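The values are calculated or read from the model by the stated rules, or taken from the named source; none is laboratory data. The structure displayed is predicted, hence computed values, not measured ones. Using ideal geometry, Cβ is built from the backbone for each residue, glycine included, and neighbour counts are taken over all protein chains shown.
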Amino acid sequence: MRIGICDDEAIIREEIMRLCKEYTASNIFTLETITFSSGDELLQYKESIDILFLDIQMKGLNGLKTAERIREKDDNVIIIFLTGYKGFMQEGYRVRAFRYLLKPIKEQEFNRNLKEALEEIVKDSKTVVSLNGNTIFVKLKDIIYIEYENRYTLVRTRRDVYESTYTMSEWENMLDTGDFYRVHKAFIVNMEYIEEIGKTILLENGEKVEVAVRQIAKLKKACKAYRKRNAK
């Protein structure tokens, strides 16, 4: 779980890092923290962030403008605004701020907000245990496909690729939502991302995956039912 901390005051960044470390010590989550001293620095970061503590009143690009830029590319990150004034709270709704933390930060309030943010992620997620022992939470809607490779399974999402020790059968059971289809012994595909079905499957991200010949007709029928079920 990656936590981003963006504040132009070093003392605030250090305080939140300390609170995250203390929270981790008494909970099952493994939290990786990364800090940024400005909105511009944050926007240059290319990796995914699960929860972002973002100061509203930063010099240069302020927190609200930074959040607007983030939302252009990332609908999933949970944003918790940091502010010294309650008056800013109303403005955060347009960027779907999850919570607000008033400065000076109180440990009890911080823990409550972090706990609720983590619960929000888990509520719409399945766990993937990576090889280094970290627990990563991946939203089902973000999974493009699962691939079997070298005794492990690779989980390709909209943002990253994760390694998992779950078997394909275990993934097939977990993904039994009507949105996924086992197209090949080595692939389970999210039908939302299928662009074309031929000798291979063309996905929305431009990748192609194998499909078993005997599965093509069944897959086409399943995709037709999926599109009808999810039509706006």
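Here are the numbers for the structure shown:
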{"read-out": "Number of positions in the range 167-183 that are farther than 16 Å from K139 by Cβ and buried (at least 18 other Cβ atoms within 10 Å of the Cβ)", "value": "3"}
{"read-out": "Residues of the range 202-222 that turn out to be crowded, with 17+ Cβ neighbours inside 10 Å and under 25 Å from the mean Cα position of the chain (by Cα), as a count", "value": "2"}
{"read-out": "Breaking point among (1) closer than 21 Å to A186 by Cβ; (2) of a type in the set (A, V, I, L, M, F, W, C); (3) assigned to a strand (DSSP E or B); (4) modelled with pLDDT under 85, for L131", "value": "(3)"}
{"read-out": "F98 over 25 Å from Y162 (Cα atoms), within 20 Å of the chain's Cα centre (by Cα) and outside the structural domain of V138 (by TED's automatic domain parsing)", "value": "yes"}
